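What follows is a short report on a single structure.
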Amino acid sequence: MEKPSLTERELECLKWSAQGKTYEDIGMLLGISTRTVRFFLENARHKLGSHNTTYAVAADDEARTTEGVR
């Protein structure tokens, strides 16, 4: 199965979300609005076929582990 192509921002938002950051925290860290963070995470969830961010983080982590990328 081909791994979905996530943008750099989608990956950044997933990374911070995996570390327990809120939308507001991520927005402040990346210098973007909360709405934009939500947009990137929704896109990532959609691309990964996940219903929520927790599953999206797990799916992305599993794909990277399978490829040997960390």
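Structure notes:
- Couplings 3J(HN,Hα) for segment 25-34, derived from phi with the Karplus relation 6.51 cos²θ - 1.76 cosθ + 1.60 (θ = phi - 60°), are 4, 4, x, 5, 5, 9, x, 10, 6, 4 Hz, where x marks Gly and Pro.
- Accessible area per residue (1.4 Å probe, heavy atoms of protein chains only) ranks Lys21, Lys15 as Lys15, Lys21, with the largest value leading.
- Mean projected area (nm²) of the alpha-carbon convex hull when segment 1-47 is viewed from all directions: 3.1
- Of the solvent-accessible surface of segment 1-50, computed with a 1.4 Å probe and all protein chains present, 50% belongs to carbon and sulfur.
- Stretchable slack from Leu30 to Glu8, in nm (0.36 nm times residue separation minus alpha-carbon distance): 6.8 nm
The values are calculated or read from the model by the stated rules, or taken from the named source; none is laboratory data. Quick caveat: nothing in here was measured; it's all calculated off a predicted structure. Note: areas computed on protein heavy atoms with side chains; ligands, DNA, RNA excluded. Shrake-Rupley method; radii C 1.70, N 1.55, O 1.52, S 1.80 Å.
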